[in-house]
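Undergrad: I am attaching a structure below and will ask some questions about it afterwards.
Just so it is clear, none of the values below were taken in a lab; they were calculated from the coordinates. Since we're looking at a predicted model, the values are computed, not measured. Reconstructed Cβ throughout: ideal geometry from the backbone, glycine too, with neighbour counts over all protein chains shown.
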Amino acid sequence: MSQQSPSGGYSIFHGTMADMTFPEVMQAAADRAVVLWGLGVIEQHGPHLPLGTDVYMPSALLRRVRGLLREKGVNSVIMPPFYWGVNHVSGLFPGTFEVRPQIMVELMVDLIKSLKKDSFSTLFCVSGHGDALHNRTILDGVRRGADESGINAYFVGAPSFFQRLGIEAADPNVLPTATEVERKSRYFDVHAGTFETSSMWAVYPELVHTQILPTLKSTDFELDDLMEWRKGREHAKRKTPLGYLGDPASSDPELGARMMAEQAEIVADAIAAKVKAAA
Ligand SMILES: [Zn+2]
């Protein structure tokens, strides 16, 4: 892959601790760097996006967040992304990998303890995947990891995101952002539709099958369709046989670039405010 990629690197390890040496990690911990962690899944994303979309997107977001935090005087390192997550909704599609929530929690706890061993004190997690059970599992893992390691750990997200999941914004392991990126669409667009496809197109154009986008019909889902789809498994497969929910044909890489930049600002602002309040 080209080194000129707008992602700043094709590998999901690019810019993360996985590309650092151990003395560099020691120095980062000594410099009181906070740790940023994206947690996605490998799951079907329609006929036009790769299975790793929910891992690629938080990876790209956190690289931008790290740069913005540096400008605000906050040191950070990016943990290699978590990608074996919970896939209730699209679990029946080919290419979707799934682990049980309790396995994900145990793995998160062990990884958070590893950060503690390295003398890191603060962790901020973002999700790359909308599945409700995946995100409730992230919060369980963050909470248990924090309790068992003594690390300050937070799940960062938009207020509407936590509200949908029934998660209290006042939860000590939750960090709601002050604002959120506005997503306007006539019908629901929640999976591999206009927004997700636009963002992938902006950052990883070589991974988007742009030539077939015009052939993908909008799903035109209203609330009852969405609720049926969210029941998952055979319901999701029946409601969206092509895997996407939304309107991929309306995707626009410039929209994706704007949304990504705005999201990075919003997340960096929330993290910087939290770090400064704790200092
Ligand atoms: Zn996705």
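Undergrad: With a cap of 16 neighbouring Cβ atoms within 10 Å, and only residues DSSP puts in a loop, list the trypsin sites (Lys or Arg not before Pro) found in segment 41-111. Present the calculation step by step, with values, prior to reporting the outcome.
TA: Numbers: sites: Arg63, Arg64, Arg66, Arg70, Lys72; in loops: Lys72.
Taking segment 41-111 and a limit of 16 other Cβ atoms within 10 Å, the loop trypsin sites (Lys or Arg not before Pro) found are Lys72.
Undergrad: Taking only the Cα atoms of segment 106-244, how large is their convex hull per residue, in Å³? Spell out each step's value before the answer.
TA: Working: hull volume 20.2 nm³, N = 139.
Convex hull volume per residue, Cα atoms: 145 Å³.
Undergrad: I'd like the distance separating the alpha-carbon centroids of segment 118-146 and segment 32-92, in whole Å.
TA: Answer, in whole Å: 12.
Undergrad: What percent do you get for the relative contact order of the chain when only Cα pairs under 8 Å and 6+ apart count?
TA: The value is 21 percent.
Undergrad: Taking 0.36 nm per intervening residue step and subtracting the Cα-Cα distance, what contour gain separates His209 from Asp147 on full extension? Write down the numbers at each step before the final one.
TA: Numbers: separation 62, 0.36 × 62 = 22.32 nm, distance 4.34 nm.
Gain in length upon complete extension: 18.0 nm.
Undergrad: Pick out which of Val142, Val208, Val267 has the largest mean-square fluctuation in a Gaussian network model of the chain, springs linking Cα atoms closer than 10 Å.
TA: It is Val208.
Undergrad: Further question on the same structure: If N is the number of residues in the chain, what value comes out of its Cα radius of gyration divided by 2.2 N^0.38 Å? Each step should come with its number before you reach the end.
TA: Details: Rg = 18.2 Å, N = 279, 2.2 N^0.38 = 18.7 Å.
The reported ratio for this selection is 0.97.
Undergrad: While we're looking at this one, here's another question. Mind checking which of Thr179, Thr122, Ile212 is farthest towards the positive end of the chain's charge dipole, using Cβ charges of +1 (Lys, Arg) and -1 (Asp, Glu) about the Cα centre?
TA: Thr122
Undergrad: Lys117: net charge of surrounding residues, Cβ under 15 Å, Lys/Arg +1, Asp/Glu -1, itself excluded?
TA: Working: positive: Lys113, Lys116; negative: Asp110, Asp118, Glu148.
Around Lys117, the surrounding residues sum to -1.
Undergrad: So which helices of the chain fit the span-like rule, where a helix is a whole DSSP H run, its Cα atoms reach 18 Å or more along the axis, and its mean Kyte-Doolittle is at least -0.5?
TA: 53-71, 101-117, 253-278
Undergrad: With springs connecting C-alpha atoms under 10 Å apart, model the chain as a Gaussian network and identify which of Gln163, Gln263, Gln211 has the largest mean-square fluctuation.
TA: Evaluated over the chain, the most mobile residue of the options is Gln211.
Undergrad: If you place +1 on the Cβ of every Lys and Arg, -1 on the Cβ of every Asp and Glu, and leave all else neutral, what size is the dipole of the chain about its Cα centre, to the nearest 20 Debye? It would help to have the intermediate numbers written out before the result.
TA: Values: 27 positive and 33 negative charges, 73 e Å.
I would put it at about 360 debye.
Undergrad: In a Gaussian network model over the chain where Cα atoms closer than 10 Å are linked, find which of Asp31, Asp224, Asp140 has the largest mean-square fluctuation.
TA: Looking only at Asp31, Asp224, Asp140, the biggest GNM fluctuation is shown by Asp224.
Undergrad: Contour minus end-to-end for Glu71 and Arg238, with contour as 0.36 nm per residue of separation and end-to-end as the Cα-Cα distance? Please report the intermediate quantities before stating the final value.
TA: On the way: separation 167, 0.36 × 167 = 60.12 nm, distance 4.74 nm.
Extending this stretch completely gives an extra 55.4 nm.
Undergrad: Another one. Give me the number: length gained by fully extending Asp118 to Met26, i.e. 0.36 nm times residue separation minus the C-alpha to C-alpha distance, one decimal in nm. Each step should come with its number before you reach the end.
TA: On the way: separation 92, 0.36 × 92 = 33.12 nm, distance 0.70 nm.
Computed gain between Asp118 and Met26 is 32.4 nm.
Undergrad: If each of Ala273 and Lys184 carries a label point 7 Å out from its Cα toward its Cβ, how far apart are those two points in nm?
TA: 2.5 nm
Undergrad: Ok, one more. Show that you can apply the helix-only estimate: for the chain, add -39,500 (n - 2.57) for every DSSP H stretch of four or more residues, divide by all residues, and state [θ] at 222 nm to the nearest 500.
TA: On the way: 9 runs with 120 residues, N = 279.
The helix-only estimate for the chain comes to -13500 deg cm²/dmol at 222 nm.
Undergrad: Too long at a 22 Å Cα-Cα cut-off: which of Lys217/Lys237; Lys113/Lys276; Lys72/Lys113; Lys72/Lys274; Lys72/Lys276? Walk me through the intermediate numbers first.
TA: Numbers: Lys217/Lys237 16 Å; Lys113/Lys276 24 Å; Lys72/Lys113 28 Å; Lys72/Lys274 12 Å; Lys72/Lys276 10 Å.
Going by Cα-Cα distance, Lys113/Lys276; Lys72/Lys113 fall outside the 22 Å limit.
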